[in-house]
Amino acid sequence: MECRNNYRLNSVALAVGLGLVMGLSGCSSTPAETDQAAREAAQKMVSNMTMDEKLNILVGPGYHADGINAKNKVQGTAGYINGVNNPAEEIDLPAVVLADGPAGIRIDANRKDDSSTYHATAFPVGVLLASTWDTKLAEKVAESVGQEAKAYGVDFWLAPGMNIQRNPLNGRNFEYYSEDPLVTAKIAEAITDGVQKEGVGVTIKHLVANNSETNRFNVDNIISPRALREIYLRGFEDTVQTAQPWAIMSSYNKVNGEFTSQRRDLLTDVLRNEWGFRGLVMSDWFAGDNSVDMINAGNDAIQPGGVNLITKENHRAALEKGVKDGSLNESDINLSVERIVTQMLKVPAAEQQPLTNQPNLDKHAIISRMAAEEGMILLKNQDNALPLQTKQSVAMFGIAQQLTQKGGTGSGDVHPDHLITITQGMSAEFNLDQDLMKEYQSWYLKKRVKHTGKFGISTTYSCNEPRLTSAQFTQAAKDNQSAVVTISRMAGEGTDRQIRRADYLLTHDETRLIKNVSQAFHAVGKKVIVVLNIPGVIDTSWSKHVDGIVLAYMPGEEAGYAVANVLSGKTNPSGKLTQTFPLNYSDVPSAQSFFGQDTDGDKQVDTNYYNEGIMVGYRYYTTANKPVAYPFGYGLSYTQFHYDNAHVKGNTVNNVGASGSVSLSATIENTGESTGKEVAEVYIKAPQGKLVKPAIELKAFAKTEALEPGQKETLSFTIPAKWLASFDDKANQWVIEPGQYQAYIAPSSDITGIKPLNFSVKKTVIVANTTPNALALPKGYKEDNAGGVVIK
Ligand code: BGC
């Protein structure tokens, strides 16, 4: 029997005297059964609530206000869902605590008049975690997050973030997993399982198409239903159906003319009726412009409550007015309250147990470091420049060795008890050039500039590069066996990145530094390695000057140790890109349309046209034959792997249709000289039928265990029919078109030279029928045959 995501109903269900047989553990009750029991308990409880109490549950207490009947007051969280204390009706439903995500639990580390500390582990950011392609490891990270949540009294974690990295400049790409929905889904499912196993709810976010930060509270994203279904919704759909997250957060933006939090087709027809979502939907903080529409659409919880940013209306008052004027009816209110209370009965608050406030931070630091090391990507390794021998002399350049970025800013920030800088980590592994190290240290302490972010959420620093003399470069090249140049960048919520120096492009100082170091070290036959401590894609046109590049992204609190372990080969890199690094930003399929347009002349971006349709990321580059700097799915290792015996094991799609699948396998052998892991990816080239298809699409992947030299492992892959299907807008259907399909089991999306495997689909398979007209384009637009938006 499948034992996925089992949990028990917390004791409050018993406390309210419903006589349900609860306290289930192990595999004895399925999630659906437990949900059903919780729903019955919730319905009973809600039937005894006053309208006032119900509205309190629908609307949060306000930003930074305590929740009603909050037993745990956890400082620095994002908010609460109010509880109810009604002794006459024997209701004692504690408020539940909501905290961000996604790189750990975001709470304040220090509290007023309290000498204890409340640090949480800073894990690697989403894109680095996804780059592990390791769902078991992601689940382990999530279990640790769940344990910290429980220890600190957090009931719902506002993560994982699963928006698609449509464009490299989206300011929150670091929080998200990939430009591809399959990787996004599989990592999000592992995270959901890991957290919910601990009895804490996840809140997958932001549904849907929150792919940019520019004017995010208002922007209208014009996207064809095909692109929505195949690219932007697909990860959410699979995660809902596979892992049943307890909550979903709707997004800030509009889609096709209407706020997502106010779209009934999205939140009720598609999410609940089509996909079978059983949890609660909450709004993003201060989203939307009509509280009554939110409830009517199926957006159950309005967060954080208080006053709406756009209309300045008080949410609570707006709902009261809705009840009075009949625009809100009681049965819809009851439905939303029941959905919320059902989930509230499952989370730790309902247990009303004292908090330990003592998660195992030491253990979680190790897990954080393991995940960071597993995700780092070796982009370049000319003539085996890496690994560097332990204890060899290394000259470290670049201010990022001091200014090491563990993660991005905004709600995705975490307050850990330590951060290992790259200098600190490297010092533990190598003999660093002391003169240089001291120079960087003192420069950093003198020149760094402090920045406090919006709402005081994140404090960060910036610092220019010191100017070293040519004598210093020459001396360093003489004294050390190799050079490591570090480059860091910051990104955060609320703003998009820019094509300018110090952001997407290197600064003049950084380019000069790379050239000077390379010249000096290459002149004496020594190697130069660059470590990128960045939130996402940057320009890499400088790469020809250096011998090795390690993409470390933002590795969390153990950053320095993780970098050092990868450079020394203690950990053989096995991360692969979940986003494409283009040759030029202008090659990006959405380069022309990002950050959106000002269509009404008020100097604010208001509309974002998703002209590229389904041709996002590698789907575009492989279809248009556009060369890229580093392709999706790519990453090197210190060893080599040979793929053998790739074959299609079975294809049940012709016999059983929608419930069928295609299974494949391949044997991976470590043919190199060090132990390592390999991620193998399955790309499908579909026959061109009625619907235009990208050249290739990722449909499955798997990672080997650590293989010793000479060791082999046979990997199996399954592609469910649903993942083979394309979305036919006109018919409102997911369909697999007939013809010959080719599968490539490959180390990256560059499938050059790989022999395809064939399987065929004999006749059209309708995998699912969907709601007619859901999410349709507004009047005046139509779509081209790859789901791109065209003005009529
Ligand atoms: C972000 C969400 C976050 C929420 C609560 C919003 O601004 O978009 O991702 O969960 O704030 O902090």
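Would you kindly identify the strands (runs of 3 or more DSSP E) lying entirely within the range 412-518 that contain at least 1 residues that are among the hydrophobic types (A, V, I, L, M, F, W, C)?
The strands (runs of 3 or more DSSP E) meeting that bar are 449-452, 482-488.
So which residues in the range 548-571 are on the phi < 0 side of the Ramachandran plot and open to solvent by 20 Å² or more (accessible area, probe 1.4 Å)?
Result: Y561, N565, K570, T571.
Would you check which residues across the range 548-579 are under 15 Å from L379 (Cα atoms), among the hydrophobic types (A, V, I, L, M, F, W, C) and touching a helix residue (DSSP H, G or I) at 6+ places or on another chain (Cβ under 8 Å) and list them?
Of everything in the range 548-579, those that are under 15 Å from L379 (Cα atoms), among the hydrophobic types (A, V, I, L, M, F, W, C) and touching a helix residue (DSSP H, G or I) at 6+ places or on another chain (Cβ under 8 Å) turn out to be I549, V550, A552, V563, V566, L567.
Where residues in the range 69-78 are within 14 Å of A349 (Cα to Cα) and either among the aliphatic types (A, V, I, L, M) or within 16 Å of the ligand (Cβ to nearest atom) (or both), which of them is surrounded by the most Cβ atoms within 10 Å (Cβ to Cβ)?
Looking at residues that are within 14 Å of A349 (Cα to Cα) and either among the aliphatic types (A, V, I, L, M) or within 16 Å of the ligand (Cβ to nearest atom) (or both), I get V74.
I'd like the full set of residues that are open to solvent by less than 60 Å² (accessible area, probe 1.4 Å), basic (K, R) and part of a loop (DSSP other than H, G, I, E, B), limited to the range 671-716.
Result: K677, K693.
Do we find that V628 is open to solvent by 20 Å² or more (accessible area, probe 1.4 Å), touching a Gly at 6+ places or on another chain (Cβ under 8 Å) and either without any contact (Cβ under 8 Å) to a residue 12 or more places away in the chain or among the β-branched types (V, I, T) (or both) in this structure?
Considered against the rule, which asks whether it is open to solvent by 20 Å² or more (accessible area, probe 1.4 Å), touching a Gly at 6+ places or on another chain (Cβ under 8 Å) and either without any contact (Cβ under 8 Å) to a residue 12 or more places away in the chain or among the β-branched types (V, I, T) (or both), V628 comes out as no.
Among all residue pairs at least 6 apart or on different chains, which show Cβ distances below 8 Å where the first residue, located in the range 101-121, is closer than 15 Å to G407 by Cβ and the second is more than 16 Å from the ligand (Cβ to nearest atom) and at pLDDT below 95?
none
For the condition in contact with a His (Cβ under 6 Å, 6 or more places away or on another chain), among the acidic types (D, E) and touching a residue at least 12 places away in the same chain (Cβ under 8 Å), what is the one hit in D284, D265?
D284 is the lone residue from the list that is in contact with a His (Cβ under 6 Å, 6 or more places away or on another chain), among the acidic types (D, E) and touching a residue at least 12 places away in the same chain (Cβ under 8 Å).
Can you tell me how many residues in the range 544-579 are over 24 Å from G425 (Cα atoms) and more than 16 Å from the chain's Cα centre (by Cα)?
Summing the residues that are over 24 Å from G425 (Cα atoms) and more than 16 Å from the chain's Cα centre (by Cα) in the range 544-579 gives 2.
Going by what's in this entry, would R229 be described as touching a residue at least 24 places away in the same chain (Cβ under 8 Å), more than 15 Å from the ligand (Cβ to nearest atom), of a type in the set (D, E, K, R) and in contact with a strand residue (DSSP E or B) (Cβ under 8 Å, 6 or more places away or on another chain)?
In short, yes.
For the range 132-151, give me each residue that is touching a residue at least 60 places away in the same chain (Cβ under 8 Å) and within 16 Å of the ligand (Cβ to nearest atom).
Matches in the range 132-151: A149 only.
Please verify whether G536 is crowded, with 20+ Cβ neighbours inside 10 Å and assigned to a loop (DSSP other than H, G, I, E, B), treating the condition exactly as stated.
Taking the combined requirement at face value, the residue satisfies it.
Look at the range 717-735 and say how many of its residues are under 16 Å from L698 (Cβ atoms) and open to solvent by 30 Å² or more (accessible area, probe 1.4 Å).
Of the residues in the range 717-735, 3 are under 16 Å from L698 (Cβ atoms) and open to solvent by 30 Å² or more (accessible area, probe 1.4 Å).
Considering the range 186-217 alone, what residues qualify as being away from the ligand (no atom under 14 Å from the Cβ) and either closer than 29 Å to S593 by Cα or open to solvent by 10 Å² or more (accessible area, probe 1.4 Å) (or both)?
Of everything in the range 186-217, those that are away from the ligand (no atom under 14 Å from the Cβ) and either closer than 29 Å to S593 by Cα or open to solvent by 10 Å² or more (accessible area, probe 1.4 Å) (or both) turn out to be K186, I187, A188, D193, K197, E198, G199.
With the condition kept exactly as written, say whether any residue in the range 518-528 is open to solvent by less than 40 Å² (accessible area, probe 1.4 Å), touching an Asp or Glu at 6+ places or on another chain (Cβ under 7 Å), under 24 Å from D383 (Cα atoms) and not β-branched (V, I, T).
Within the range 518-528, not a single residue is open to solvent by less than 40 Å² (accessible area, probe 1.4 Å), touching an Asp or Glu at 6+ places or on another chain (Cβ under 7 Å), under 24 Å from D383 (Cα atoms) and not β-branched (V, I, T).
Looking at (1) touching a Gly at 6+ places or on another chain (Cβ under 6 Å); (2) without any contact (Cβ under 8 Å) to a residue 12 or more places away in the chain, can you tell me which one T469 breaks?
In the conditions (1) touching a Gly at 6+ places or on another chain (Cβ under 6 Å); (2) without any contact (Cβ under 8 Å) to a residue 12 or more places away in the chain, T469 misses (1) alone.
Determine whether the range 287-301 contains at least one residue that is modelled with pLDDT of 95 or more and surrounded by fewer than 16 Cβ atoms within 10 Å (Cβ to Cβ).
no
Taking D332 as meeting all but one of (1) open to solvent by less than 20 Å² (accessible area, probe 1.4 Å); (2) away from the ligand (no atom under 15 Å from the Cβ); (3) not hydrophobic (A, V, I, L, M, F, W, C), write down the number of the exception.
Single failed check for D332: (1).
I need the strands (runs of 3 or more DSSP E) fully contained in the range 717-789, keeping only those with at least 2 residues that are out of contact with any helix residue (DSSP H, G or I) (no Cβ under 6 Å at 6 or more places or on another chain) and of a type outside the set (G, A, S).
Correct list: 733-736, 739-746, 757-761, 765-769, 781-783.
Among L280, L267, which is the only one that is among the aliphatic types (A, V, I, L, M) and either away from the ligand (no atom under 15 Å from the Cβ) or at positive phi (or both)?
After applying the criteria, what remains is L267.
Taking the range 613-632 only, how many residues are in a loop (DSSP other than H, G, I, E, B) and either among the acidic types (D, E) or touching a Lys or Arg at 6+ places or on another chain (Cβ under 9 Å) (or both)?
Qualifying residue count, the range 613-632: 5.
Of everything in the range 360-383, what is buried (at least 20 other Cβ atoms within 10 Å of the Cβ), out of contact with any Ser or Thr (no Cβ under 7 Å at 6 or more places or on another chain) and part of a strand (DSSP E or B)? Give them in sequence order.
If the condition is that a residue be buried (at least 20 other Cβ atoms within 10 Å of the Cβ), out of contact with any Ser or Thr (no Cβ under 7 Å at 6 or more places or on another chain) and part of a strand (DSSP E or B), then L379 is the only one that fits.
Condition test on G171, is it within 22 Å of R339 (Cβ to Cβ) and either modelled with pLDDT of 95 or more or in contact with a helix residue (DSSP H, G or I) (Cβ under 7 Å, 6 or more places away or on another chain) (or both)?
Answer is no for this residue.
Quick one: in the range 640-669, of everything that is aliphatic (A, V, I, L, M) and open to solvent by 20 Å² or more (accessible area, probe 1.4 Å), which residue is farthest from A385 (Cα to Cα)?
The residue in question is V656.
Only one of these conditions is not met by S637: (1) buried (at least 23 other Cβ atoms within 10 Å of the Cβ); (2) small (G, A, S); (3) over 27 Å from R229 (Cα atoms). Which number is it?
(1)
Looking only at the range 478-496, how many residues end up being more than 16 Å from the ligand (Cβ to nearest atom) and open to solvent by 10 Å² or more (accessible area, probe 1.4 Å)?
Result for the range 478-496: 6.
How about the range 307-328: which of its residues are in a loop (DSSP other than H, G, I, E, B), surrounded by 13 or more Cβ atoms within 10 Å (Cβ to Cβ) and not hydrophobic (A, V, I, L, M, F, W, C)?
Result: N308, T311, E313, S327.
The values are calculated or read from the model by the stated rules, or taken from the named source; none is laboratory data. For clarity, every value in this text was computed on a predicted model and none was experimentally measured. Every residue, glycine as well, gets a Cβ built from its backbone with ideal geometry; the counts of neighbours run over all protein chains shown. For the accessible areas, the whole protein counts, side chains as well, though only heavy atoms, and no ligand, DNA or RNA atoms are used. Shrake-Rupley method; radii C 1.70, N 1.55, O 1.52, S 1.80 Å.
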